[in-house]
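Below is one structure, written out as structure tokens, with a few remarks after it.
The values are calculated or read from the model by the stated rules, or taken from the named source; none is laboratory data. Remember, it's a predicted structure, so these values are computed and weren't measured experimentally. Ideal geometry is used to build each Cβ from the backbone, glycine not excepted, and the neighbour counts take in all protein chains shown. To get the accessible areas, we keep the full protein, side chains included, count just its heavy atoms, and leave off ligands, DNA and RNA. Shrake-Rupley method; radii C 1.70, N 1.55, O 1.52, S 1.80 Å.
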Amino acid sequence: MANNAKIGNDTPEASEATKPSKIAEFAELIVAAVVVILGIVILIETQDIRVPRAYTKVGPRVIPEIIGWALIIVGAWYVIDILRTGGAAPSAESEDVDVTLPTDWWTVGILALALIIFVLLIERAGFVVASAVMFEVAAYAMGSRRYLRDIPIAIVLSLAVYLVFTRGLEVRLPAGWLAGVL
Amino acid sequence: MDVFSNLAHGFSVALTPENLLWALLGVFLGTFVGVLPGIGPALTVALLLPVTYSLNPISAFIMFAGIYYGGMYGGSTTSILLNTPGESASIITALEGNLMAKRGRGGAALATAAIGSFVAGTIATVGLTVMAPIMVRVALKFGPAEYLALIVLAFTTITALLGSSLVRGFVSLFFGLAIGLVGIDGLTGQPRFTFGNQHLLNGIDVVTVAVGLFAVGETFWVAARMRHDPDNVVPVRGSLWMTKQEWARSWKPWLRGVLLGFPIGSLPAGGAEIPTFLSYSIEKRLTKHPEEFGKGAIEGVAGPEAANNASAAGVLVPLLTLGLPTSATAAIMLAAFQRYNLNPGPQLFDKSPDLVWGLIASLYIGNIMLLVLNLPLVGLWVRLLSIPRPLLYAGILVFAGLGTWSQSQSVTGLIVLYAIGVVGFLMRRFDIPVGPAVVAVILGPEAELQFRRALQISQGDYGTFITRPIAAAIFAFALLTFLGPRLWRLLRPSGGVEMPEMTT
């Protein structure tokens, strides 16, 4: 045990500071509730699966029903576990993360915006444009403030990826606005 | 000997100039991406999958073998120089290795990791060569009930042995199983949980799930709590050559690491975490320099790193002979096989000997290439560590989007990817392990198929799962993996007995 404790926590002071707050505990309870709801949704949707008539063997509904019930049970167990222990501290395994910081929703929001832009642009504007814009916005979200340096990097990377994968590796990517040029 | 002629045949496939080139490219790209902070071996393999799409299956898998081993090597470099393990199996390498680097012995730490990985990887690949045909013979006797039992065993061990909390492991496992339900039911052709969207008929691909959970989830997680203090890449000072004393202190831990890593890795329960943790605690016990542990002891890098690489080769035993992935990385490799309509298992050795033995032969070749490539190129790898983080994560998102698009060709695929990314963010926030979900996505449908086949054979008699002795024994063992530790604790309320101590 002594070994494990030491290995898991290379920043001992973090464990105290990251004790989950009441809000965090509530948020985790919502996650647990969603697990239960997912189970219920699966049970309801299972009723819509058509079982071919005269199909006498174990049909396509059996396993989804088992998984649905299992999710409900595991979700309930999760709720009990949170109420008993006060919830989990964030995972300390990631790189570049300081778990003692509060969640920075502004940064998360801009990052989400970058992904939404990619989804909206990729079919119309094509991969190169969508990817370059996403790169620029995502780099901004992650803290880069050297916009002028980032723009050529975004364009060159997107273009290079497009050319290598479509020409060399036969992966299909939408050309979009640049269809005539590329 | 049969094995030798097979292996010789494998080398004749892998040693063509073209395939050597693919192996070299795979090794280089695998190391390159694996070194990047924030990218562990599983994500390395998932992100590089599109690169192999246009190749013929044999070349693709030879390249893949290189990517797999390269990703493992790359990860250890990051751990030693940045003290930020990308995955739980390198936590220990990061611990002692980074301390060595800070004491000015970073060169030696990198060397013992690289040479140890080579030694361990090569011995373990010999083990794979010998074990695989034996396992194939055993596997031929397995019916659907036994396969189901093995899959359940893989589920319980991955769930019970990873992460800090059993319930969170189960949440991850059943989330993955739920994802795996989406798509057409293989036996009756009925669509399930597709919500009328035709892009969901083929199901949600495990690569999309892995990239969503690892790449998109990680990026969101970093965005939410970014460290604002500058990076401290420890510069590599001192010679890359180990001193005589360092050699003397390294070779035994390497060999002990193999002895732990390969057998545990090749069990259908598998995983690299346990052997590395075990190796660390054994080395700590056996060392003649106990005072150095916790300050950068070379044994603490050599042993776990060897164990990690030996188990990486071990994991290929159940993957190739049973089609049973026991780690997130192996789950993605299985998906790669399925893309070529190949199903790992006993039949694969029969039907595609070129591919299987070419793949195994290229593991030997890849290992040598890595040894030759890794130490001289250390300067390049170090420079990769100082790529500005904003650009690194933006780039990861570009490749995540590219991979998913090349797979699904639809906006639906991207939306699924990003939704799973949000789930990955929440999983990190609440310390829910990601591995069980990834393995469950690909093994869930397989488990269902075997379950229903077994009941077809037994004509609906559920007793088939307990009356067939092998199946029953595996099921009992599966039950034991998560009941066992709890019973143990109940019986001995005085001491919290943990894994590492138990076996020594």
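Residues in the stretch A:69-109 that are part of a helix (DSSP H, G or I), more than 8 Å from chain B (Cβ to nearest Cβ) and open to solvent by less than 30 Å² (accessible area, probe 1.4 Å): A:I82 only.
Table: residues versus (1) within 12 Å of chain A (Cβ to nearest Cβ); (2) touching a Phe, Trp or Tyr at 6+ places or on another chain (Cβ under 7 Å); (3) assigned to a helix (DSSP H, G or I).
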residue	(1), (2), (3)
B:Y418	yes, no, yes
B:R428	yes, yes, yes
B:P433	yes, no, no
B:I442	no, no, yes
B:P445	yes, no, yes
B:L449	yes, no, yes
B:L479	no, no, yes
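Among the residues of the stretch A:57-67, those identified as at the interface with chain B (Cβ under 8 Å from one of its Cβ atoms) and not aliphatic (A, V, I, L, M) are A:K57, A:G59, A:P60, A:P64. Within the stretch B:150-161, the presence of at least one residue that is within 11 Å of chain A (Cβ to nearest Cβ), closer than 30 Å to A:I82 by Cβ and assigned to a helix (DSSP H, G or I) is confirmed. Among the residues making up the stretch A:43-56, a single one is within 7 Å of chain B (Cβ to nearest Cβ), surrounded by fewer than 15 Cβ atoms within 10 Å (Cβ to Cβ) and either within 15 Å of B:Q459 (Cα to Cα) or basic (K, R) (or both): A:Y55. Applying the set (1) within 11 Å of another protein chain (Cβ to nearest Cβ); (2) under 20 Å from B:F451 (Cβ atoms); (3) surrounded by fewer than 19 Cβ atoms within 10 Å (Cβ to Cβ) to B:G143 leaves exactly one unmet item: (1). Scanning the stretch B:111-140 for residues that are open to solvent by 30 Å² or more (accessible area, probe 1.4 Å) and not β-branched (V, I, T) yields B:F118, B:M131, B:M135, B:R137, B:L140. For the stretch B:139-152, does any single residue satisfy the condition of being over 24 Å from B:L479 (Cα atoms) and modelled with pLDDT under 90? Yes, the stretch B:139-152 has at least one match. Within the stretch A:2-17, the presence of a residue that is modelled with pLDDT of 90 or more, assigned to a helix (DSSP H, G or I), farther than 23 Å from B:P485 by Cβ and open to solvent by 50 Å² or more (accessible area, probe 1.4 Å) is excluded. Scanning for something surrounded by fewer than 21 Cβ atoms within 10 Å (Cβ to Cβ) and more than 30 Å from B:G421 (Cα to Cα), does the stretch B:379-393 turn up at least one residue? Checked the stretch B:379-393: at least one residue is surrounded by fewer than 21 Cβ atoms within 10 Å (Cβ to Cβ) and more than 30 Å from B:G421 (Cα to Cα).
Answer yes or no as to whether A:L29 is outside any loop (DSSP other than H, G, I, E, B) and either at the interface with chain B (Cβ under 8 Å from one of its Cβ atoms) or open to solvent by 40 Å² or more (accessible area, probe 1.4 Å) (or both). In short, yes. Of the residues in the stretch B:15-29, none is under 30 Å from B:L342 (Cβ atoms), touching a Phe, Trp or Tyr at 6+ places or on another chain (Cβ under 6 Å), more than 14 Å from chain A (Cβ to nearest Cβ) and open to solvent by less than 10 Å² (accessible area, probe 1.4 Å).
Filtering the stretch B:458-500 to residues that are surrounded by 17 or more Cβ atoms within 10 Å (Cβ to Cβ) and modelled with pLDDT of 85 or more leaves B:S458, B:T464, B:F465, B:R468, B:A471, B:I474, B:F475, B:F477, B:A478.
The listed residues are A:A125, A:A160, and the only one of them that is more than 30 Å from B:L426 (Cα to Cα), over 20 Å from the mean Cα position of the chain (by Cα) and not in a helix (DSSP H, G or I) turns out to be A:A125. Screening A:F118 with (1) in contact with a Phe, Trp or Tyr (Cβ under 8 Å, 6 or more places away or on another chain); (2) at the interface with chain B (Cβ under 10 Å from one of its Cβ atoms) gives one miss only, at (1). Working only within the stretch B:184-229, note down all residues that are outside any helix (DSSP H, G or I), more than 11 Å from chain A (Cβ to nearest Cβ) and of a type in the set (G, A, S). B:G203, the sole residue that qualifies. Among the residues of the stretch B:176-186, just one is open to solvent by less than 60 Å² (accessible area, probe 1.4 Å) and over 21 Å from B:V423 (Cα atoms), namely B:D185.
Taken together, the residues in the stretch A:126-167 that are facing chain B (nearest Cβ under 8 Å) and open to solvent by 50 Å² or more (accessible area, probe 1.4 Å) amount to 2.
Return yes when B:L201 is crowded, with 23+ Cβ neighbours inside 10 Å, closer than 20 Å to A:P64 by Cβ and of a type in the set (A, V, I, L, M) and no when it is not. Taking the combined requirement at face value, the residue does not satisfy it. Being outside any loop (DSSP other than H, G, I, E, B), within 21 Å of B:I91 (Cα to Cα), at pLDDT 90 or above and not aliphatic (A, V, I, L, M) is the requirement here; does B:G34 meet it? Considered against the rule, which asks whether it is outside any loop (DSSP other than H, G, I, E, B), within 21 Å of B:I91 (Cα to Cα), at pLDDT 90 or above and not aliphatic (A, V, I, L, M), B:G34 comes out as no.
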